[in-house]
Amino acid sequence: MAAPETHGAVVRLEEDSDGSCSTVGGVGYGDSKDCILEPLSLPESSGGTTTLEGSPSVTCIFCEEHFPVAEQDKLLKHMIIEHKIVIADVKLVADFQRYILYWRKRFTEQPITDFCSVIRINSTAPFEEQENYFLLCDVLPEDRILREELQKQRLKEILEQQQQERNDTNFHGICIFCNEEFLGNRSVLLNHMAREHAFNIGLPDNIVNCNEFLCTLQKKLDNLQCLYCEKTFRDKNTLKDHMRKKQHRKINPKNREYDRFYVINYLELGKSWEEVQLEDDRELLDHQEDDWSDWAEHPAFAVCLFCEKQAETIEKLYVHMEHAHEFDLPKVKSELGLNFYQQVKLVNFIRRQVHQCRCYGCHVKFKSKADLRTHMEETKHTSLLPDRKTWDQLEYYFPTYENDTLLCTLSDSESDLTAQEQNEDVPIISEDTSKLYALKQSSILNQLLLQECLEN
């Protein structure tokens with residue numbers, strides 16, 4: 001089947017002055033060349049990932065363009081721009097290459113609309129300016145089954161690899177701390193590092209692809225990088241003293257680069273070791289008394305709409321935005337009478353404009369966010385919101401940043417409604433009196449009169 005035709009430029013790459021492409025975005029507002037094609041995240045602790053060298057290529061679902069598996073983001077970007085198809089939750093696809101090959105074959109057998117949900121962009125615009133995007137996700141039973149089968153196949157391969165390593169007696173490795181050589185089984189080296197150097201990366205039976213894991217750790221140390229905080233130091237002695245004094249002889253649990261070396265991360269589709277461990281902890285708690293006296297909740301920090309300021313409570317963030325940027329979100333919500341979904345769209349709209357370094361008050365674009373903030377604060381454009389039809393669009397249901405905690409704090413409670421909304425009369429629908437005799441026979445008043453007579 002031929003790929004769906006493209007009728008415009010809802011999402012494209014924008015060329016910088018040096019000729020490179022940047023992925024600052026916006027759909028249907030301002031400069032149509034802007035785009036956001038990759039997941040964005042607000043600032044938090046660093047992790048880091050690496051790609052495997054020499055990975056095979058993957059061909060586009062609709063055309064003959066092909067990209068290395070390690071650069072699958074480029075393929076996804078290509079499919080969005082050229083073919084307007086979006087694959088949901090790509091991170092949960094166990095084998096991306098097999099997944100793409102499967103759907104490449106299926107799309108030649110049946111129309112794309114048999115499998116994908118259709119998302120219409122610019123739905124309020126004239127018909128010729130509207131565009132359709134296609135969403136392929138596991139809501140479709142066939143896609144869900146495919147993802148589960150790929151997950152099972154990957155788990156089978158990982159368990160076979162793990163069993164082979166457990167039984168391997170020809171292992172040869174060097175301690176990353178003292179350079180002592182070890183022969184035999186991998187457990188000898190791992191136990192040595194745990195016992196002699198207080199460096200415990202887990203039980204040997206829980207680890208897979210051990211050689212690659214050790215090479216990854218050795219490479220970081222060769223680059224004078226701490227394995228836990230991942231800071232870089234000027235020489236080996238400084239790094240060694242830092243890891244010893246700070247007790248950083250452990251890996252960073254938030255670095256997803258290490259997930260592929262632990263069998264637990266392959267057990268259930270879409271669940272990391274943290275989620276699986278959390279389920280195990282809940283089972284243990286079911287057999288214990290509900291004592292929450294030592295509970296210490298870690299606050300989820302929300303980030304300002306205009307700068308990098310973070311606050312552990314939404315009230316503090318509102319105060320910051322009002323004092324620093326003269327933007328009062330609760331007041332805007334009250335004056336415009338915004339419900340929860342309209343608040344979501346407004347926040348996502350502002351996030352996108354700030355990410356693009358564009359003032360939503362005058363539509364001028366700046367070179368940096370700092371220049372944008374200076375302009376908006378001097379001109380007081382933070383409070384100069386555009387017409388509702390500009391931001392109250394379906395496309396702004398989708399968060400600009402995946403980890404935007406501010407969206408989780410928006411409320412739509414009855415106490416937040418305007419006085420006008422609270423005082424609105426509730427309509428009362430009267431009984432149909434066109435058939436008066438039938439009404440007298442069936443009216444609930446008959447039962448009330450009968451009950452009163454019996455009581456008297």
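The values are calculated or read from the model by the stated rules, or taken from the named source; none is laboratory data. As the structure is a prediction and not an experimental result, all values here were calculated from the model. Note that we place each Cβ from the backbone using ideal geometry, even for glycine, and neighbour counts take in every protein chain shown. What goes into the accessible areas is simple: the full protein's heavy atoms, side chains included, and nothing from ligands, DNA or RNA. Shrake-Rupley method; radii C 1.70, N 1.55, O 1.52, S 1.80 Å.
Looking at segment 233-242, can you tell me whether even one residue there is touching a Cys at 6+ places or on another chain (Cβ under 8 Å) and either under 17 Å from S187 (Cα atoms) or not in a helix (DSSP H, G or I) (or both)? Scanning segment 233-242, I find at least one residue that is touching a Cys at 6+ places or on another chain (Cβ under 8 Å) and either under 17 Å from S187 (Cα atoms) or not in a helix (DSSP H, G or I) (or both), so the answer is yes. Is segment 197-206 home to any residue that is assigned to a helix (DSSP H, G or I) and either among the basic types (K, R) or open to solvent by 40 Å² or more (accessible area, probe 1.4 Å) (or both)? Within segment 197-206 (the criterion being assigned to a helix (DSSP H, G or I) and either among the basic types (K, R) or open to solvent by 40 Å² or more (accessible area, probe 1.4 Å) (or both)), the answer is yes, since at least one residue qualifies.
Against the condition open to solvent by less than 50 Å² (accessible area, probe 1.4 Å) and outside any strand (DSSP E or B), how does I176 come out, does it pass?
Spelling it out, I176 is indeed open to solvent by less than 50 Å² (accessible area, probe 1.4 Å) and outside any strand (DSSP E or B).
When residues in segment 401-423 are screened for being part of a helix (DSSP H, G or I) and at pLDDT 80 or above, 4 of them pass.
Within segment 372-390, can you find the residues that are under 19 Å from M321 (Cβ atoms) and not β-branched (V, I, T)? If the condition is that a residue be under 19 Å from M321 (Cβ atoms) and not β-branched (V, I, T), then L372, R373, H375, M376, E377, E378, K380, H381, S383, L384, L385, P386 are the ones that fit.
Please verify whether D259 is within 30 Å of I145 (Cβ to Cβ) and charged (D, E, K, R), treating the condition exactly as stated.
Here the answer is yes, as D259 does meet what is asked.
Which of the residues that make up segment 77-96 are in contact (Cβ under 8 Å) with a residue 24 or more places away in the chain, under 17 Å from R147 (Cα atoms) and touching a Leu at 6+ places or on another chain (Cβ under 9 Å)? Across segment 77-96, the qualifying residues are V86, I87, A88, L92, V93, A94, D95, F96. Can you tell me which residue in segment 209-232 is farthest from the chain's Cα centre (by Cα), limited to those that are within 27 Å of N185 (Cα to Cα) and among the basic types (K, R)? Here the answer is K219. Restricting segment 63-99 to residues that are open to solvent by 30 Å² or more (accessible area, probe 1.4 Å) and in contact with a Lys or Arg (Cβ under 9 Å, 6 or more places away or on another chain), the residue that is nearest to I121 (Cα to Cα) is I81.
Return the total of residues in segment 100-132 being farther than 15 Å from F62 by Cβ and open to solvent by less than 30 Å² (accessible area, probe 1.4 Å). Of the residues in segment 100-132, 3 are farther than 15 Å from F62 by Cβ and open to solvent by less than 30 Å² (accessible area, probe 1.4 Å). The single residue among L190, L135, L159, L150 that is under 35 Å from the mean Cα position of the chain (by Cα), modelled with pLDDT of 90 or more, within 30 Å of P253 (Cβ to Cβ) and open to solvent by 40 Å² or more (accessible area, probe 1.4 Å) turns out to be L159. Close contacts from segment 184-210, counting a first residue that is more than 24 Å from E257 (Cβ to Cβ) and in contact (Cβ under 8 Å) with a residue 12 or more places away in the chain and a second that is loosely packed, with under 14 Cβ neighbours inside 10 Å and among the β-branched types (V, I, T), with Cβ to Cβ under 7 Å and a gap of 6+ residues or different chains, come to G184/T169; N185/T169.
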